[in-house]
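Structure first, commentary second.
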Amino acid sequence: MKDITRVGIVTSGGDCQGLNAAIRAVGKALYERIENVEIYGMYDGYRGLIDCDYTFMQPSDFSGIINKGGTILGTSRQRFVPGKDIVDEEGNSLLPAMKSTYNRLDLDCLVIMGGNGTQKSAKLLSDQGMNVVTLPKTIDNDIFGTDTTFGFQSAVDIATNVIDYIHTTATSHGRIFVVECMGRDAGWLTLYSGIGSGADSILIPEIPYQIDRLVELIAARKKKHKGFTIIACAEGAVEKGEKLLTEDEARKKKEAEKYSTVGYRLAADLERITGQDARVVVPGHYQRGGPPCPYDRVLATQFGAAAADLIINKQYGHMVAMQNGKITSIPIEEAASKTKFLSPDFDMIKVARDIGICFGD
């Protein structure tokens, strides 16, 4: 009878702050609580699992990394056929290769850290008979079933800092500034950084905007002798008319678009209509980089320790989550079932409206 517990760790999808803190917590908790344990780190996310490319992790590997950004194991993205398969560029299934590595290393469980897509692909691995425990990481905070994800607060801190700095130059020159934050599908990052930095307008995917409303905002600010306007805009923000387009119509419109992002188009439109100088700032991947903030270090540690607890109790097929301020877990199937979007009546949106922030609707 096998008396060694073998665990594989995978960091998948886009990187973010807190991954190393979570890796550290999983490793330390397992080595602390299990007498005989072996931990294998998969290089470059699922690629390591596919190619059987891994490293045996000693206890010392989990020291001195809580404050490091990125992931010491590396990460990558794989082609995912929703609900069906993980495939290579030719469309061949990669699941057999992943299961082969799992069996070759005689793993008892995989700890997979990732965002929305990773939760969905982790469910496929679970369906293939592999024992899986997942952790929710993403700066977008859009994973269903958890109040927050690690990486989110660090990104909010960075985006808020960027907008803080823009305030002084915007004020000095009396310009419109559009700060385009990450968030293709959900506006959590833009909402919180916009509120935290005192943005005048917040544009998010969940609330389509109208250019006329922004023009009115700018005019009203000028009447109050406020010559600048700062707009925190999610990369996935859409105009009201665009929201009514079919997927094919939206794709053709984007292909014909001469502006690279919504932020540049918005700034050009506002400059043309108002006659006021408009500039764009795109923090981009800067929002995902650097060391995790203390909140994310603590959260990732909580999540990692909870993952170890699930493994020890053989509660596989679950994602660690935070609900109502407490660490818990939910079935991966539930976490992968939908995206956590902002509701228009969400309390923080109401707070923003109460203090006069314009959502363009």
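The values are calculated or read from the model by the stated rules, or taken from the named source; none is laboratory data. In this text the structure is predicted, and so the values were computed from the model without any measurement. A quick note on method: Cβ atoms are made from the backbone with ideal geometry, for glycine too, and the neighbour counts reach across all protein chains shown. Quick note on the areas: whole protein, heavy atoms, side chains included, nothing else; ligands and nucleic acids left out. Shrake-Rupley method; radii C 1.70, N 1.55, O 1.52, S 1.80 Å.
How large, in percent, is the carbon and sulfur part of the accessible surface of the chain at a probe radius of 1.4 Å?
Working: 7860 of 16160 Å².
Roughly 49 percent, rounded to a whole number.
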**Report entry** Degrees separating the helix 152-173 axis from the principal Cα axis of the chain, which is the longest one
**Finding:** 20 degrees
Requested in this report: Only helical DSSP H runs with n ≥ 4 go in: add -39500 (n - 2.57) per run for the chain, normalise by residue count and round the 222 nm mean residue ellipticity to 500 deg cm²/dmol.
Outcome: -12500 deg cm²/dmol
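Report, to two decimal places, the Cα Rg of the chain normalised by 2.2 N^0.38 Å (N = number of residues). Could the numbers behind the result be given before it?
Values: Rg = 22.2 Å, N = 361, 2.2 N^0.38 = 20.6 Å.
Cα-based Rg divided by the globular estimate yields 1.08.
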**Report entry** Extension reserve of the Lys326-Thr55 stretch, reckoned as 0.36 nm per residue once the Cα distance is removed
**Finding:** 94.3 nm
Requested in this report: Please work out, to two decimal places, the log10 of the ratio I(q)/I(0) at q = 0.09, 0.16, 0.18, 0.19 Å⁻¹ from a Debye calculation in which every Cα of the stretch 74-219 carries one identical scatterer.
Outcome: -0.44, -0.91, -1.04, -1.11
Report summary line: Honestly the stretch 1-155 on the Cα gyration tensor test (a ≥ b ≥ c root eigenvalues; a/c under 1.5 rounded, otherwise a/b vs b/c for prolate or oblate) is just oblate
Query raised in the report: In degrees between 0 and 90, to the nearest 10, how far off the longest principal axis of the chain does helix 116-127 point, with axes built from Cα atoms?
Result: 20 degrees
Query - Formal net charge of residues neighbouring Ala267 (Cβ-Cβ distance under 12 Å; K, R +1; D, E -1) - result: 0
Report task. Quick one: which residues, 5+ away or cross-chain, put their amide H under 5 Å from the amide H of Arg175? H built at 1.01 Å from N. Result -> Thr229
Report summary line: Placing one equal point scatterer on each C-alpha of the stretch 245-355 and summing with Debye, one gets log10 I(q)/I(0) at q = 0.18, 0.21 Å⁻¹ equal to -1.15, -1.21
Query - For the stretch 107-161: rounded, prolate or oblate by the Cα gyration tensor [a/c cutoff 1.5] - result: prolate
Report task. Round to the nearest 10 and give me the degree value, 0 to 90, for the angle of helix 19-33's Cα axis relative to the longest principal axis of the chain. Result -> 30 degrees
**Report entry** Cross-link table Lys99/Lys120; Lys84/Lys338; Lys137/Lys314; Lys243/Lys350; Lys120/Lys340; Lys137/Lys243, entries beyond 24 Å C-alpha to C-alpha
**Finding:** Lys137/Lys243
**Report entry** Nearest-0.05 FRET efficiency for Asp185 and Arg6, computed from C-beta distance (R0 30 Å)
**Finding:** 0.25
Report task. Find, among the trypsin sites (Lys or Arg not before Pro) in the stretch 284-361, those assigned to loop by DSSP (not H, G, I, E, B) with at most 15 other beta-carbon atoms within 10 angstrom. Result -> Lys314, Lys338
Report task. For the chain, give the magnitude of the charge dipole about the Cα centre (Cβ charges: +1 Lys/Arg, -1 Asp/Glu; no others), in debye to the nearest 20. Result -> 720 debye
Requested in this report: Multiply the residue separation of His167 and Asp269 by 0.36 nm, subtract the distance between their alpha-carbon atoms, and state the gained length in nm to one decimal.
Outcome: 34.6 nm
Query raised in the report: Relative contact order, percent, of the chain when contacts are C-alpha pairs under 8 Å separated by at least 6 residues?
Result: 23 percent
Query raised in the report: Between Ile34 and Asp106, what length comes free when the chain is fully extended (0.36 nm per residue of separation minus the Cα-Cα distance, one decimal in nm)?
Result: 24.2 nm
Requested in this report: Find the percent of Cα-Cα distances in the stretch 143-258 that exceed 17 Å, and round it to a whole number.
Outcome: 60 percent
